[in-house]
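Everything on this sheet refers to the single structure shown next.
Nothing in this text is a laboratory measurement; each read-out follows from the coordinates by a stated rule. The model shown is predicted, which means the values in this text are computed figures rather than measured ones. Using ideal geometry, Cβ is built from the backbone for each residue, glycine included, and neighbour counts are taken over all protein chains shown.
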Amino acid sequence: MDDICRQTKNPSLCVAAMNTDPRSRTAALPQLAQITVDTAEYTAGQTKIRIHGFVMSEKNPRKQKMYSQCEDFYVDALAALNIAPEDLKKRRYVDLDMQMGLARRAVDRCEAAFMHESPFRKDNELVGILADAVAIMARTLSR
């Protein structure tokens, strides 16, 4: 886990996020990848629900559009994360790496929609770091 997280943009966040599931400490790399995908998918799902609340309650049309765009980006991130377990199970590591890149880009776009000052910044960073970690695991497993 430490070797994988060291290769991300935020190693301490990566380790902290992976340590939320006690199975991570002893998991082999394929299992660690699945646990990390599960964590990313759960976090992305909860974030999308939160964003939807902002969409529904925002009165300012400009801000509402930004929230709506962000919600759409999370739909994309969740689509990529939903495909990941099948790629992992079938050992399609190149595809898994690609899906994690799509998830990362989606949360980055959400953040960019707010000029990098979104109310979802911590969630965007967390989902992005987890996606990065899974992508690193996929590249490691494909060797």
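Computed from Cα positions, the angle between helix 93-113 and the longest principal axis of the chain comes to roughly 30 degrees. Ordering I129, I49 by the number of other Cβ atoms within 10 Å of each residue's own Cβ, fewest first, gives I49, I129.
Shown is the FRET efficiency for S57 and M115, computed with R0 = 22 Å from the Cβ-Cβ distance and rounded to the nearest 0.05: 0.55. Shown for I136, I51, I83: other C-beta atoms within 10 Å of each C-beta, ranked fewest to most, produce the order I83, I136, I51. Computed about its Cα centre, the charge dipole of the stretch 2-141 is approximately 140 debye, with only Lys, Arg, Asp and Glu carrying charge at their Cβ. Of the three principal axes defined by the Cα atoms of the stretch 27-95, the extents in descending order read 48, 21, 11 Å. Between the helical axis of 29-57 and the longest alpha-carbon principal axis of the chain there is an angle of about 0 degrees.
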